[in-house]
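> Questions regarding the structure given below will be posed in turn.
The values are calculated or read from the model by the stated rules, or taken from the named source; none is laboratory data. Keep in mind that what you see is a predicted model, and the values were worked out from it rather than measured. Reconstructed Cβ throughout: ideal geometry from the backbone, glycine too, with neighbour counts over all protein chains shown.
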Amino acid sequence: MSAAQIIAQLSAATQKLDETQAKLRSAQQDALQARQLIATALEGSSAQLTGQIDSLVDILSQVAGRTPAVNDQVKKTITKVQALGN
């Protein structure tokens, strides 16, 4: 595989990571909305269920927060491949 092909694939990967982060943030917002609906519908008797949703929101936030670091690593790899290709 040529340097240009590797760079093209890694560039596509960075775009997918950006899309993934946006989807994770959207899922986090959806979960928060679901939590609010459940809390309202069950009028305070939903502590266990809303607690589980809170845990889900935390996990989504953690994963979304890691995406920029992964993206940075991919970009550094692109830079290294570019240097090797020249």
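> Restricting attention to segment 26-47, report how many residues are out of contact with any helix residue (DSSP H, G or I) (no Cβ under 8 Å at 6 or more places or on another chain), polar (S, T, N, Q) and in a helix (DSSP H, G or I). Don't jump to the end; show me each part of the working.
Here is the first cut: in segment 26-47, the residues out of contact with any helix residue (DSSP H, G or I) (no Cβ under 8 Å at 6 or more places or on another chain) are 26, 29-30, 33, 36-37, 40-41, 43-45, 47.
Restricting the remaining residues to those that are polar (S, T, N, Q) gives 26, 29, 33, 36, 40, 45.
Checking the rest, the ones that are also in a helix (DSSP H, G or I) come to 26, 29, 33, 36, 40.
Count: 5.
> Any idea which of Thr14, Thr50, Thr67 is surrounded by 15 or more Cβ atoms within 10 Å (Cβ to Cβ), at pLDDT 95 or above and in contact with a helix residue (DSSP H, G or I) (Cβ under 6 Å, 6 or more places away or on another chain)? Spell out how you get there, then give the answer.
Working: Thr50 fails: at pLDDT 95 or above; Thr67 fails: at pLDDT 95 or above.
Of Thr14, Thr50, Thr67, the one residue that is surrounded by 15 or more Cβ atoms within 10 Å (Cβ to Cβ), at pLDDT 95 or above and in contact with a helix residue (DSSP H, G or I) (Cβ under 6 Å, 6 or more places away or on another chain) is Thr14.
> Still on this structure: Right, Ala8: under 30 Å from Val81 (Cα atoms), exposed (fewer than 15 other Cβ atoms within 10 Å of the Cβ) and either free of Cβ contacts under 8 Å to residues at least 12 places away in the same chain or basic (Lys, Arg) (or both) or not?
Numbers: under 30 Å from Val81 (Cα atoms): yes; exposed (fewer than 15 other Cβ atoms within 10 Å of the Cβ): yes; either free of Cβ contacts under 8 Å to residues at least 12 places away in the same chain or basic (Lys, Arg) (or both): yes.
Yes.
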